[in-house]
Amino acid sequence: MNQTELKAAWTAKWRATIDDHEYRLSNPEAYRTNCHWEAREMLAAGIIDELEKLEMDELVDAAYWHAVEELVTNEVGYLQGGHYNVMPRNGGTCIGKIINGTYSAADGKALGGFEARVLQNNSGRHLAFRFGGEPWPIDGLVLTSNTGEQFDLVLTAQFINGVVYRPVDDADTYRALVNTAQIALEAHDFDTYRKARPLLMGAEFTMCIECHDSFSLREDCQACAGNGFIRRARHQPNSSA
Ligand SMILES: [Zn+2]
């Protein structure tokens with residue numbers, strides 16, 4: 001392969017990553033890092049020059065900011081670094097915990113290691129058991145057993161950049177976090193935004209869908225009583241048993 005062919009092939013590889021809409025929306029930070037990494041390797045190999053790299057990185061950054069803006073109002077699904085209690089949907093006690101993708105049963109039967117891992121493949125996300133057996137699908141924050149029983153994954157904490165955080169459940173703290181994130185978003189300050197985004201996703205509150213936290217609309221908004229945000233709807237067990 002000569003230099004021209006190599007450049008065409010490598011650019012096509014980079015292009016396939018930047019065009020991966022699914023990846024961009026499911027993990028925007030990893031998406032951005034991977035695209036930048038690819039361009040950096042191309043520069044190091046002498047395939048592209050500094051200016052070309054700059055232009056490529058700018059395209060990636062624009063795609064990143066576009067994605068996170070879109071995600072602000074999206075329903076939050078399963079979070080990679082999430083700590084979850086696995087609660088039977090029809091009531092009853094917690095059957096186990098998922099911590100950073102590893103499931104362990106509440107009854108402690110899993111001696112010497114994990115019992116299952118959260119994995120994702122083409123058919124979606126699921127809980128794959130250590131000793132085989134049918135995997136249990138995870139759709140959003142609902143886990144379904146092989147017998148059809150449903151469980152809610154209730155977020156109790158999040159592991160972000162090496163630190164465990166409790167979900168933000170104080171309205172003032174949430175407001176301050178939203179303001180910080182907003183400024184970072186407008187300024188395209190990646191380092192601040194990537195820290196704020198997972199905290200916002202794990203928070204007990206979410207942006208009001210009526211007024212979209214717009215300064216001019218929220219004052220008269222009935223849905224959020226002028227706060228611009230509302231408490232996140234969590235699936236509640238329909239029995240207290
Ligand atoms: Zn509102």
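Pairs, please: C-beta under 6 Å, at least 6 apart or cross-chain, first residue aliphatic (A, V, I, L, M) and in the range 205-229, second at pLDDT below 90 and surrounded by 11 or more Cβ atoms within 10 Å (Cβ to Cβ)? Listed pairs, sorted by first residue: M207/T73.
Residues of the range 148-184 that are touching a residue at least 12 places away in the same chain (Cβ under 8 Å) and of a type in the set (K, R): R175 alone. Among the residues of the range 225-241, those identified as within 25 Å of the chain's Cα centre (by Cα) and either modelled with pLDDT of 90 or more or within 8 Å of the ligand (Cβ to nearest atom) (or both) are N227, G228, F229, I230, R231.
Please verify whether Q222 is of a type outside the set (A, V, I, L, M, F, W, C), within 16 Å of the ligand (Cβ to nearest atom) and under 20 Å from the mean Cα position of the chain (by Cα), treating the condition exactly as stated. No. Comparison of T180, T144 shows that the only residue that is assigned by TED's automatic domain parsing to the domain that holds G92, modelled with pLDDT of 95 or more and not acidic (D, E) is T144.
The values are calculated or read from the model by the stated rules, or taken from the named source; none is laboratory data. What you see is a predicted model; the values in this text were computed from it and never measured. Every residue, glycine among them, receives a Cβ derived from its backbone with ideal geometry; neighbour counts consider all protein chains shown.
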